[in-house]
Amino acid sequence: MIRGIMPVMDDSIEVDIAGALARRDQGAAWVDVREPDEWQVAHIDGTELIPLAGAVEGIVARWPDPAAPINVSCASGVRSMRTVEALRAAGYTDVVNVGGGIKAWIAEGRPVLRGSGLTAQQDERYSRHVAIPEVGVDGQRRLLGARVLLLGAGGLGSPAALYLAAAGVGTIGLVDDDVVERSNLQRQLLHTEDRIGVAKVDSAEVALRGINPDVRVEAFRTRLTADNAWEVLGAGWDVIVDGTDNLPTRYLVNDVAVHLGIPVVHGSIYRFEGQVTVFEPFAGPCYRCLYPEPPPPELAPSCAEGGVLGVLPGIVGSLQATEAIKLVLGIGETLAGRLLMYDALAATVDTLRLRRDPACPACGDGHEVGGERPELIDYEAFCAMPARA
Amino acid sequence: MATFRIPPVLRPLTDDQVKVESPGATLGEALEGLFEAHPALRERMIDTDGTLRRFVNVYVDEEDVRTRDGLETPLESGSSVIVLPAMAGGAA
């Protein structure tokens, strides 16, 4: 093998993979002296590329201290040994060759990254994202590091979760306390006939894992209430996607999210009509700016009562996923300050202008992100009470 | 003349009509015409003090009338008026 063709060497100037990792844990740098095209195909996370032709000069410039601990690797250990010997001759005392190079690393089944900083599988999986200038490798890495919370794993949550998982949103939180019922399957694509009776959050986790192993699912099998809202919504989410099925929860989510400064992508559906908007705390209006008071219950029937076209949540939930991705990436114009109305029967889309209300009890003048937590009211009672006469 | 777009929850009160035309130089005038044709709408949209109820949003040409002149908001010929109550539906 490689060792056979190497000149006789001092054992101390070569380490195996485990030895190299141990040195790195203790602070050693790790230089890869292969060519850029080789690096592009596969490299070890945390290694620095300095191609062979300029390796010695490059390392001396980067680490002028001859006592600096440095690992040097290449494809199999030949080029890197030449570099190590040259550095040793120049007085470097703690430079070692990584025996076997990246071939030994791969033979041990260790993960490699592409030039993009993504794994080879990720490069392939997200290639259509990376090709878009507004996303690119940086955007994809941002998505992989993002945390998006979905309220409801039902009609709106289904397409939102499926697309966000496919897009590589790294952590998806799901809040739902229902179990899958046959009447859900007309529109809730997260769930399947053979998972009837299973908790929706568990059924959803199966679906999302099946699409993308990169995604971590945090399941909350609970109904969001004033008692658990701070804990659930406060777990470091970048964006909340609201697909809940009732008004009390919408007010609760609003009051907590405004205080925490988390943007909420709102979606609601009824029969053939859907509404989507983004409530971005203090940058635009919040739910209470739009609806300071809830309507009487008979004027806000749920889909269970009034029905809904099965494909409608597919459209509205997908629009919500789109807005969530834009918020994570910080690209484009979100629906903050605008409400998009979709009428499936008429096949029309209208956009209405929403404005922040300076007198809003949640986000009006005098309110700000953080500070003392507002007291959460009894939202059920708030929404059941007759409107102010 | 304005065209009102009636939301699904109020359509039982307009004989299931989605669009209803009503003349008027202001929103208030056009609403009076609308209520004459469909009297049950009045109570759903207008409070006892004569103002719009807080859970009903009305947009004239895409702008919330509360940020304009409320019921005095002027209508152009062909103005579109969208009535938008809160909708609960989502997950269930």
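The values are calculated or read from the model by the stated rules, or taken from the named source; none is laboratory data. Fair warning: this is a prediction, and the values are worked out from it, not measured in the lab. Virtual Cβ from ideal backbone geometry, glycine too; neighbours counted across all protein chains shown. Note: areas computed on protein heavy atoms with side chains; ligands, DNA, RNA excluded. Shrake-Rupley method; radii C 1.70, N 1.55, O 1.52, S 1.80 Å.
Would a scan of the stretch A:167-188 turn up a residue that is closer than 23 Å to A:THR119 by Cβ, out of contact with any strand residue (DSSP E or B) (no Cβ under 7 Å at 6 or more places or on another chain) and in contact (Cβ under 8 Å) with a residue 12 or more places away in the chain?
Yes, there is a match, as at least one residue in the stretch A:167-188 is closer than 23 Å to A:THR119 by Cβ, out of contact with any strand residue (DSSP E or B) (no Cβ under 7 Å at 6 or more places or on another chain) and in contact (Cβ under 8 Å) with a residue 12 or more places away in the chain.
From the list A:ALA324, A:ALA257, A:ALA219, which one is modelled with pLDDT of 95 or more and either within 8 Å of chain B (Cβ to nearest Cβ) or surrounded by fewer than 19 Cβ atoms within 10 Å (Cβ to Cβ) (or both)?
The conditions single out A:ALA219.
Could you run through the stretch A:85-112 and say how many residues are closer than 13 Å to A:VAL41 by Cβ and surrounded by fewer than 19 Cβ atoms within 10 Å (Cβ to Cβ)?
Number of matching residues: 3.
Being more than 14 Å from chain B (Cβ to nearest Cβ), touching a residue at least 60 places away in the same chain (Cβ under 8 Å) and within 30 Å of A:ILE196 (Cβ to Cβ) is the requirement here; does A:VAL98 meet it?
no
Can you tell me how many residues in the stretch A:333-374 are over 30 Å from the mean Cα position of the chain (by Cα) and farther than 19 Å from A:GLY274 by Cβ?
Residues flagged as over 30 Å from the mean Cα position of the chain (by Cα) and farther than 19 Å from A:GLY274 by Cβ within the stretch A:333-374 amount to 8.
Taking the stretch A:204-222 as the region of interest, how many residues are within 17 Å of A:GLY243 (Cα to Cα) and either of a type in the set (S, T, N, Q) or part of a loop (DSSP other than H, G, I, E, B) (or both)?
2
Do you know which of the residues in the stretch B:11-57 that are under 22 Å from A:CYS289 (Cα atoms) and in a helix (DSSP H, G or I) is nearest to the other protein chains (Cβ to nearest Cβ)?
B:ARG44
Which residue out of A:GLU298, A:GLU333 is open to solvent by 30 Å² or more (accessible area, probe 1.4 Å), out of contact with any helix residue (DSSP H, G or I) (no Cβ under 6 Å at 6 or more places or on another chain) and not in a helix (DSSP H, G or I)?
A:GLU333
Among the residues of the stretch A:248-295, write down those that are acidic (Asp, Glu) and part of a strand (DSSP E or B).
A:GLU273
Tally up the residues in the stretch A:224-247 that are within 21 Å of A:GLY170 (Cβ to Cβ) and either under 14 Å from the mean Cα position of the chain (by Cα) or part of a loop (DSSP other than H, G, I, E, B) (or both), please.
Number of matching residues: 9.
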